[in-house]
Amino acid sequence: MIVRKTAAELEKMRRSGLLVWQILEKLKEMVAEGISTLDLETAAEKMMADAGAIPAFKGYYVHAAGQAYRFALCTSVNSEIVHGIPSAKRTLRKGDIVSIDTGVKLDGYYGDSAITVPVGEIDEPNRKLLQVTRDALEFAIHKVRSGNRLFDVCGAVEQHVKSNGFSIVREYVGHGIGTQLHEEPQVPNYVDRKNENPRLKEGMVLAVEPMVNAGGAEAVVLKDRWTAVTKDGSNSAHFEHCIAVTENGPWVLTRP
Ligand code: MF3
Ligand code: CO
């Protein structure tokens, strides 16, 4: 069942969303050569604590990993697609791209967003990868409206990514969000006719999160049982926003 939120609930989700946005803005400013992904984690945890928010990913249990996740952020560098684990040993270098994915629970409601940030100057192929992934999310956002169907959203990402010659990760998908981090429906970044294609209605909130590889689509999970990387070692980008369906169209909760 897809849970629809009341206007009052959407206001709460707006507060979670804006907090996530603020945190990501600060982390983006911190990104520079020489800082570690654990430095980002430490700063994020402090900002969440100061805001009275609960880190949404910390303690999140994934059966396949056999253990709970222990961090507030996922930090995925270069060929890491998603779920990279913050580490003092992972120092950022000029030319890297780093995806920072984070979520909070505030007053019972979740917010979840991700950005991919260049470390210093990056080369043209990486710039294009980031731009195409960001644009794919924007095209999808425009489709999050009452009367459209889920496949309109999924298809918008797929079309833009494919027409630019990049590939879409299939193993990981977006999701509904609310009082749970992951609610129905699943939001793949591609259209698969075998999936359900519900009509979008006011009060639904979707976390749309394209994960785009410069090379092939295949993903493998590292021995840590969390970090997903591209099989061919090509770079991967990830952007995510939470979007509510309203009578006035799409409302992106995770940016001002
Ligand atoms: N943004 C991701 C998601 O919505 C991050 C979850 S990672 C985990 O699924 F650590 F919480 F598992
Ligand atoms: Co998400």
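The values are calculated or read from the model by the stated rules, or taken from the named source; none is laboratory data. Because the structure is a prediction, the values reported are computed rather than measured. Every residue, glycine as well, gets a Cβ built from its backbone with ideal geometry; the counts of neighbours run over all protein chains shown. Each accessible area value is taken on the protein alone, full model and side chains, heavy atoms only, with ligands, DNA and RNA left out. Shrake-Rupley method; radii C 1.70, N 1.55, O 1.52, S 1.80 Å.
What the table shows:
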quantity: Pair list, Cβ < 9 Å and 6+ apart or interchain, from region 31-48 residues that are closer than 11 Å to Pro86 by Cβ to residues that are open to solvent by 60 Å² or more (accessible area, probe 1.4 Å) and in a helix (DSSP H, G or I); calculated: Asp39/Met30; Leu40/Met30; Ala43/Lys26; Ala43/Met30; Ala44/Lys26
quantity: Meets criteria (within 16 Å of ligand 2 (Cβ to nearest atom) and crowded, with 21+ Cβ neighbours inside 10 Å) for Ala140; calculated: yes
quantity: Test: Ser167 is away from ligand 1 (no atom under 16 Å from the Cβ), of a type in the set (Gly, Ala, Ser) and open to solvent by less than 50 Å² (accessible area, probe 1.4 Å); calculated: yes
quantity: Qualifying residue in region 138-145 (condition: over 23 Å from Asn164 (Cβ atoms) and not small (Gly, Ala, Ser)); calculated: yes
quantity: In region 219-243, residue nearest to Met13 (Cα to Cα) [restricted to those that are within 16 Å of ligand 1 (Cβ to nearest atom), of a type outside the set (A, V, I, L, M, F, W, C) and in a loop (DSSP other than H, G, I, E, B)]; calculated: Thr227
quantity: Close pairs (8 angstrom Cβ cut-off, 6 or more residues apart or separate chains): within 20 Å of Met211 (Cβ to Cβ) in region 82-97, open to solvent by 20 Å² or more (accessible area, probe 1.4 Å) and within 16 Å of ligand 2 (Cβ to nearest atom) anywhere; calculated: Val82/Tyr172; His83/Trp226; Gly84/Trp226; Ile85/Phe71; Ile85/Trp226; Pro86/Phe71
quantity: Per-region count, region 205-233, residues in contact with a Gly (Cβ under 7 Å, 6 or more places away or on another chain) and either of a type in the set (A, V, I, L, M, F, W, C) or open to solvent by less than 20 Å² (accessible area, probe 1.4 Å) (or both); calculated: 7
quantity: Residue among Val220, Val245, Val187 that is out of contact with any helix residue (DSSP H, G or I) (no Cβ under 8 Å at 6 or more places or on another chain), aliphatic (A, V, I, L, M) and under 29 Å from Asp96 (Cα atoms); calculated: Val220
quantity: His238 surrounded by 15 or more Cβ atoms within 10 Å (Cβ to Cβ), free of Cβ contacts under 8 Å to residues at least 24 places away in the same chain and closer than 28 Å to His63 by Cβ; calculated: no
quantity: Residue that is nearest to the chain's Cα centre (by Cα) [pool: residues in region 80-94 that are of a type in the set (A, V, I, L, M) and open to solvent by less than 40 Å² (accessible area, probe 1.4 Å)]; calculated: Val82
quantity: Count of residues meeting criterion [within 16 Å of ligand 2 (Cβ to nearest atom) and open to solvent by 50 Å² or more (accessible area, probe 1.4 Å)] in region 95-126; calculated: 1
quantity: Count of region 144-175 residues which are in contact with a Gly (Cβ under 8 Å, 6 or more places away or on another chain) and among the basic types (Lys, Arg); calculated: 1
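Listed here are the residues, each with its yes/no results for (1) assigned to a loop (DSSP other than H, G, I, E, B); (2) farther than 30 Å from Gly203 by Cα; (3) within 16 Å of ligand 1 (Cβ to nearest atom); (4) modelled with pLDDT of 95 or more.
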{"position": "Ala32", "(1), (2), (3), (4)": "yes, yes, no, yes"}
{"position": "Glu41", "(1), (2), (3), (4)": "no, yes, yes, yes"}
{"position": "Gly59", "(1), (2), (3), (4)": "yes, no, yes, yes"}
{"position": "Cys74", "(1), (2), (3), (4)": "no, no, yes, yes"}
{"position": "Ala88", "(1), (2), (3), (4)": "yes, yes, no, yes"}
{"position": "Arg93", "(1), (2), (3), (4)": "yes, yes, no, yes"}
{"position": "Val98", "(1), (2), (3), (4)": "no, yes, yes, yes"}
{"position": "Val104", "(1), (2), (3), (4)": "no, no, yes, yes"}
{"position": "Asp112", "(1), (2), (3), (4)": "no, no, yes, yes"}
